[in-house]
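Only one structure is covered here, and it is reproduced in the block below.
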């Protein structure tokens, strides 16, 4: 699948993309907490990480979700988060979405 002129997903893969400014917990194999639909089937996690005036794109294979202290928000887990590059596009342009920090593909 092409996401905004950038090939990130292979045909047949589904993903969740999230926007963050903190990148919290990525080194521990999980994201911050997100208001997501836990029944959605995804193969990949795409993180749009804005920091130091740059927009870094990080991907990982989806492993699982776990509960947070908020019953409507969850952590996303991956064993292999890795940076795949940077974009000059803002979140809305990159994800082809509105201001919601979560986007599902397809």
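Which value, in nm² and rounded to one decimal, describes the direction-averaged projected area of the C-alpha convex hull of the chain?
Values: hull surface 25.4 nm².
The orientation-averaged projected area of the Cα hull of the chain comes to 6.4 nm².
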Who wins for biggest fluctuation among 85, 23, 60 in a Gaussian network model of the chain, springs between alpha carbons below 10 Å? 85
Taking the Cα centroid of segment 12-61 and of segment 66-98, what is the distance between the two, rounded to the nearest whole Å? 2
I'd like the per residue volume of the convex hull spanned by the Cα atoms of segment 18-64, given in cubic angstrom. 75
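Sum -39500 (n - 2.57) across every DSSP H segment of at least 4 residues in the chain, then divide by the residue count to get the 222 nm mean residue ellipticity, nearest 500.
Working: 1 runs with 5 residues, N = 106.
Result for the chain, helices only: -1000 deg cm²/dmol.
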So in segment 8-56, what percent of DSSP beta bridges are antiparallel if you round to the nearest 5? 35
Indicate the gyration tensor shape class of segment 63-106 (rounded, prolate or oblate), computed on the Cα atoms with a ≥ b ≥ c the square roots of the eigenvalues: a/c under 1.5 is rounded; otherwise a/b larger than b/c is prolate and the rest oblate. oblate
When DSSP assigns beta bridges and you keep just the ones with both residues in the chain, what percent turn out antiparallel, to the nearest 5? 80
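Bear in mind that the values in this text are calculations on the coordinates, not laboratory data. Fair warning: this is a prediction, and the values are worked out from it, not measured in the lab.
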